[in-house]
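Participant: This structure is in structure tokens; I'll ask about it shortly.
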Amino acid sequence: MRLTAKKPRILTTAAIALLASTLTVGVASADSSAPARSTASRTSAGTSHVPSSLTSLIESVRGSKRGCVVMTGLTEQFIEGTVTGAGPDPTKPQIGQHGVYSMRVYNAAGEVIGEQRDGTTDVYAQAPNGHFLVHGVEDFKLNDGSIHAEGNYDLTSTLAHEWQVVPAVGTSGRYKGKRGYEFFYDVTNPFLFKLAFVLCG
């Protein structure tokens, strides 16, 4: 079972401002210029779309940055995984819980474009508001290169189907040397996620 693993903070205005100020370079050559269309025909997740705040950010990057890769409308679907240190109720995380999982990645047309193998999630703390915090690590092997994403995020908010964002860096192919973020949204935890990347450099 996937601990709804991925990485970071809820997509807030502050996070968008941080992302916009971090992506340094002008005029993105994007893979998709419109909000994502329905994804992964093999699933019953319904329509996949990027939140308006993320769409605005992508448009901002397009107009002011160079050498950017913007990918929206992606979906990642659970393949397999294990969890250790979990309590009797898998829907209630606890500190010390560790997950390892693999996901298949689809483009907006529902075609397989790669995988994420042996991603990990570690529940390391509980915030004062009761939310559980996770450190996640993922390595995406896509048809045109690879991306490493790693960071902390709010697991409780992820399970409540809120967008999350974590730092990402390209490690090979057309992504190599580019830096930015991975965005993900738990559609039907823990089996299906909406996914997007913005990488510049």
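Participant: Can you pull out the residues in the range 123-134 that are open to solvent by less than 60 Å² (accessible area, probe 1.4 Å) and assigned to a strand (DSSP E or B)?
Facilitator: Val123, Ala125, Phe132, Leu133, Val134
Participant: Checking Leu57 against (1) open to solvent by 10 Å² or more (accessible area, probe 1.4 Å); (2) at pLDDT below 90; (3) not in a loop (DSSP other than H, G, I, E, B), which single condition isn't satisfied?
Facilitator: The single condition Leu57 does not satisfy is (1).
Participant: Please specify each residue of the range 187-201 satisfying the condition of being more than 21 Å from Ala109 (Cβ to Cβ) and open to solvent by 20 Å² or more (accessible area, probe 1.4 Å).
Facilitator: Asn189, Gly201
Participant: Restricting the search to the range 79-108, which residues are open to solvent by less than 70 Å² (accessible area, probe 1.4 Å), of a type in the set (A, V, I, L, M) and assigned to a loop (DSSP other than H, G, I, E, B)?
Facilitator: Ala86, Ala108
Participant: Take Gln116 and tell me if it is open to solvent by 30 Å² or more (accessible area, probe 1.4 Å) and at pLDDT 90 or above.
Facilitator: No; evaluated as a whole, the condition is false for this residue.
Residue-wise test of (1) aliphatic (A, V, I, L, M); (2) under 18 Å from Leu192 (Cα atoms).
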position: Thr91; (1), (2): no, yes
position: His98; (1), (2): no, no
position: Val105; (1), (2): yes, yes
position: Gly110; (1), (2): no, yes
position: Ala125; (1), (2): yes, no
position: His131; (1), (2): no, no
position: Gly136; (1), (2): no, yes
position: His148; (1), (2): no, no
position: Asn152; (1), (2): no, no
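Participant: Here is a follow-up. Could we say that Ala86 is more than 23 Å from Ala160 (Cα to Cα) and at pLDDT 80 or above here?
Facilitator: no
Participant: If I ask for residues that are within 17 Å of Thr75 (Cβ to Cβ), touching a residue at least 40 places away in the same chain (Cβ under 8 Å) and part of a strand (DSSP E or B), which ones from the range 109-122 would you list?
Facilitator: Scanning the range 109-122 gives Gln116, Gly119.
Participant: If you don't mind, another one. How many residues are within 14 Å of the chain's Cα centre (by Cα) and among the basic types (Lys, Arg) when one looks only at the range 80-116?
Facilitator: 1
The values are calculated or read from the model by the stated rules, or taken from the named source; none is laboratory data. Predicted model, so just to flag it, every value in this text is computed and none were measured. Every residue, glycine as well, gets a Cβ built from its backbone with ideal geometry; the counts of neighbours run over all protein chains shown. Remember, those area values only see protein heavy atoms, side chains included, never the ligands or the DNA or RNA. Shrake-Rupley method; radii C 1.70, N 1.55, O 1.52, S 1.80 Å.
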